[in-house]
Amino acid sequence: MVKQVAIIGGGIIGATAAFYLSYLQGNENVQVTLFDDDHGQATKAASGIISPWLSKRRNKRWYALAKRGAELYSDLVKAAQLSDKAYQQTGTIVTRKNNEDLLSLYHDAQIKQQQTPAMGHVELLDADAVQKKMPLLTNPPEGIFVSGGARIDGADFVKELLEHAEANNVQVKHERVSVLPNGDVRSSEGTQTFDHVIVATGAWMHETLAPLGLNVKVRPQKGQLIDLTVAMPSKWRNMPVMMPESMSDIIPFNGGKLVIGATHENDEGFDLTPKPAARNQLFENAKAFISTLSESQITDMRVGTRAYTGDFAPFFGALPDLSSFLVGGGLGSSGLTTGPIIGYFLAQAVLGNHSDDWSRYTKPVSSYIG
């Protein structure tokens, strides 16, 4: 018997879950419908860096999840045949303002690298060596290069995953749906009962699950970034991305696109209006390292809404009193790293292949939804 599965939310969790439900063993036993209206979605507004290993965060569950998420990418990229436009392992340069802090971080990186093959190799670079790897920079800092780091474009990543999913057993419907108190889903085509429902609506999850009498403890955070067009000779292809301490990430893409961002604004709610102050700050952050930039090179400003939990940690699993409903959310600023592995876990659960101990990666769902 074929099970009917609904995915509500087509961001990075929903899109990855949809892909794996069309790809993993047992996919012939499910018929999947993904609903998404795109409004304010963090993933489609995001470009980011996959390189969690040198993070300052000390949450062990978060690190285990992010580490596993980074490790998933090589298999996911091959399975979904993702293009370099969506994802590319270019390496990451991580900086610290204080040389002693940089040396301490390098020591930690060497230790982690011995147990973490996905990191690739680790190098301590002076400013000249950084500039050789990123010739775009005019004021390069010293830093640590991690070859396993990567860059990702959220919009292209989701688009390509869903194209592969639609080629198999997934229907994608661009609309907002509602969950009824009995767990049914109401769409433009009427009311339908699903055997499994995956809810991955980010900062809007409170609204999605409210009809079930549930309170989702997440808050919205506004994120803005800017795109610039810069001259990039062919010999500059595949430059690393840079994560400067206390500054905006610098993410060069082949073809001349340069992404700077993103902001973290906690008092803007669900407002998606681009703000000149944020644009100026992002541009000045970029100018600190690339003095040749001019404002005329800014081609776009993208805005999305992230979801944050009180402890800044993602969560996922089944609703305590409604096991047919699986949820994943609270990704915060690490969503491009942690979202795919959560989508993978949820897809495996739907297919009956739940073998991982999820408590290694997240607190119980009841810690965030009650």
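The values are calculated or read from the model by the stated rules, or taken from the named source; none is laboratory data. If you're wondering where the values come from, they're calculated on a predicted model, not measured in any experiment. In this analysis, Cβ positions are derived from the backbone assuming ideal geometry, glycine residues included, and neighbour counts consider all displayed protein chains. All accessible areas refer to the heavy atoms of the entire protein, side chains included, with ligands and DNA or RNA removed. Shrake-Rupley method; radii C 1.70, N 1.55, O 1.52, S 1.80 Å.
May I ask you to list pairs of residues, at least six apart or on different chains, whose Cβ atoms are under 8 Å apart, with the first in the range 276-293 being over 10 Å from Ile226 (Cβ atoms) and the second being among the charged types (D, E, K, R) and open to solvent by 10 Å² or more (accessible area, probe 1.4 Å)?
If the second residue must be among the charged types (D, E, K, R) and open to solvent by 10 Å² or more (accessible area, probe 1.4 Å), the pairs left are Leu293/Lys287.
Within the range 149-165, is even one residue in contact (Cβ under 8 Å) with a residue 60 or more places away in the chain, of a type in the set (Lys, Arg) and buried (at least 20 other Cβ atoms within 10 Å of the Cβ)?
Among the residues of the range 149-165, at least one is in contact (Cβ under 8 Å) with a residue 60 or more places away in the chain, of a type in the set (Lys, Arg) and buried (at least 20 other Cβ atoms within 10 Å of the Cβ), which makes the answer yes.
Residues are listed down the side, and each one gets a yes or a no for (1) of a type in the set (Lys, Arg); (2) within 18 Å of the chain's Cα centre (by Cα); (3) at positive phi; (4) in a helix (DSSP H, G or I):
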| position | (1), (2), (3), (4) |
| --- | --- |
| Val32 | no, no, no, no |
| Leu54 | no, yes, no, no |
| Tyr63 | no, yes, no, yes |
| Ala66 | no, yes, no, yes |
| Thr90 | no, yes, no, no |
| Glu100 | no, no, no, yes |
| Ala109 | no, no, no, yes |
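With the condition kept exactly as written, say whether any residue in the range 258-278 is part of a strand (DSSP E or B), under 22 Å from Leu336 (Cβ atoms) and either at pLDDT below 95 or open to solvent by 20 Å² or more (accessible area, probe 1.4 Å) (or both).
Yes, that holds for at least one residue.
Within the range 240-255, can you find the residues that are part of a loop (DSSP other than H, G, I, E, B) and under 19 Å from Phe157 (Cα atoms)?
Passing the criteria: Pro240, Asn254, Gly255.
When residues of the range 174-197 are filtered for being surrounded by 15 or more Cβ atoms within 10 Å (Cβ to Cβ) and closer than 12 Å to Asp36 by Cβ, how many remain?
The total comes to 3.
May I ask you to verify whether Arg237 is of a type in the set (Lys, Arg), within 23 Å of Ser83 (Cα to Cα), open to solvent by 60 Å² or more (accessible area, probe 1.4 Å) and without any contact (Cβ under 8 Å) to a residue 60 or more places away in the chain?
The answer is yes for Arg237.
(1) open to solvent by 10 Å² or more (accessible area, probe 1.4 Å); (2) touching a residue at least 40 places away in the same chain (Cβ under 8 Å); (3) touching a strand residue (DSSP E or B) at 6+ places or on another chain (Cβ under 8 Å): which one isn't true of Ala17, the others all being true?
Every condition holds for Ala17 apart from (1).
State the number of residues belonging to the range 69-101 that are basic (Lys, Arg) and open to solvent by less than 60 Å² (accessible area, probe 1.4 Å). Can you show your working first?
So the first thing to find is which residues in the range 69-101 are basic (Lys, Arg), and the list is 78, 85, 96-97.
Restricting the remaining residues to those that are open to solvent by less than 60 Å² (accessible area, probe 1.4 Å) gives 96.
Number satisfying all stated conditions: 1.
Within the set of pairs 6+ apart or on separate chains, which have a first residue in the range 330-357 that is free of Cβ contacts under 8 Å to residues at least 60 places away in the same chain, a second that is open to solvent by 10 Å² or more (accessible area, probe 1.4 Å) and not hydrophobic (A, V, I, L, M, F, W, C), and C-beta atoms under 8 Å apart?
Listed pairs, sorted by first residue: Phe345/His354; Phe345/Asp356; His354/Gln348; Ser355/Gln348; Asp356/Gln348.
Does Gln171 count as open to solvent by 40 Å² or more (accessible area, probe 1.4 Å) and in contact with a Leu (Cβ under 8 Å, 6 or more places away or on another chain)? Full working, then the answer.
Numbers: open to solvent by 40 Å² or more (accessible area, probe 1.4 Å): yes; in contact with a Leu (Cβ under 8 Å, 6 or more places away or on another chain): yes.
The answer is yes for Gln171.
Filter the range 319-341 down to residues that are open to solvent by 10 Å² or more (accessible area, probe 1.4 Å) and part of a loop (DSSP other than H, G, I, E, B) and give me whichever is nearest to Pro220 (Cα to Cα).
Restricting to residues being open to solvent by 10 Å² or more (accessible area, probe 1.4 Å) and part of a loop (DSSP other than H, G, I, E, B), the top hit is Leu331.
Restricting attention to the range 294-306, and to residues there that are touching a residue at least 24 places away in the same chain (Cβ under 8 Å) and open to solvent by 10 Å² or more (accessible area, probe 1.4 Å), which single residue is nearest to Ile13 (Cα to Cα)?
Residue satisfying both the conditions and the ranking: Arg306.
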